[in-house]
Structure formats: structure tokens, C-alpha cells
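Input: a single structure, listed below in C-alpha cells.
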Amino acid sequence: MSDDASLMHRVRGMWEQLDPPPADLADRVLFALELEDLDTEFELLRLTERSDALAGTRAPRGATSDATHITFSGDQLTVMLAVAGPGNDGRRLDGWIAPASEARVVARTATGERETVADATGRFVLEDVPPGMLRLVFFPVTDDGTDTPFVTPTVEV
């Protein structure tokens, strides 16, 4: 071992003896990193509501609906999602972005990704989305070229 390597080895030994890192340091760092992601995700989900009838209408006795309305809200974007289904191969997702803007919309499911585009009014549709867990990622179209995504928490549709 060279003199420098030997010295560094002794310094390391001294610090491990005098001020060792906590045994759970790696776990705590990973947890803190996960919390950053959770803060991003869970601040977005502010309202989830199951709707068994159209607003302002009376459903026939015994009628049921599979419609679900979910609103995701963040500092710069709000997304309203209406989930209808089941369809032939899955659910239909009708969505609106506020403030209205164009965006690339990616639905991540257990079976893969589906992609569509929200128009200038913020409206988008995803058809035949498989039932199950879903996460939406929105990539707003910006003039300055930045492409910071808006990610929803995982929800079941």
C-alpha cells in the first residue's frame, strides 16, 4: 500500500471509530428520495369522487353506473378525469386540463403505455384502457422548450 493509501485507510478507520455512520443511513436516504417523489404525487390528488348518477339528473330505480370522476390538482395544473367502462377492451378516459393547454398524455398501465394528445382546449380521450392500476403523465407543450411532466398518483380504473 502506498503512503497516501495507508494514510487514507487510517483516517477512514479513525472516523468509523469516532463518528460511524448510522446503520440505517442507506435506508433513510432511499426513504427521503422516495418521499420527494411522494410529495410530487400526493399533492396532486386532492379529490376523488365516485358518481353513481349524472349531476342534476335522477337515475331510474335500480340503475347503476360505472362512471368515476377524479380530479388531480397541483400548483400549475389541474386535471379532471371521467372514467367510463367497461368497453369492449377496457375503459374510456375523457379528460380536461386546466388551464387549457396542449400536452402529450401518457397512460401507464400494467400492460404498457398508451399515448394521446390534449388539444388546445385541454381536452383528451384515451379509449380501451385496460381495467386496473393507472398513472397518467402529462408533458405540457411550452414555448421555452421545457418539458416538466405532471405525474398523477396511481389510481385504479
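The values are calculated or read from the model by the stated rules, or taken from the named source; none is laboratory data. Keep in mind the model is a prediction, meaning the values are calculated, not measured. Ideal geometry is used to build each Cβ from the backbone, glycine not excepted, and the neighbour counts take in all protein chains shown.
A few comments on the model shown:
- Residues in segment 89-115 that are of a type in the set (Asp, Glu), over 19 Å from Thr71 (Cα atoms) and in contact (Cβ under 8 Å) with a residue 24 or more places away in the chain: Asp89 only.
- Unmet criterion (only one of (1) under 18 Å from Ile70 (Cβ atoms); (2) modelled with pLDDT of 90 or more; (3) within 14 Å of the chain's Cα centre (by Cα)) for Ala118: (3)
- Residues that are surrounded by fewer than 17 Cβ atoms within 10 Å (Cβ to Cβ) and hydrophobic (A, V, I, L, M, F, W, C) were ranked within segment 124-138; the one that is nearest to Val105 (Cα to Cα) is Val137.
- Counted residues, segment 135-157 - those being in a strand (DSSP E or B) and under 17 Å from Trp96 (Cβ atoms): 7
- Going through (1) surrounded by fewer than 17 Cβ atoms within 10 Å (Cβ to Cβ); (2) part of a strand (DSSP E or B) one by one, Thr121 falls short only on (2).
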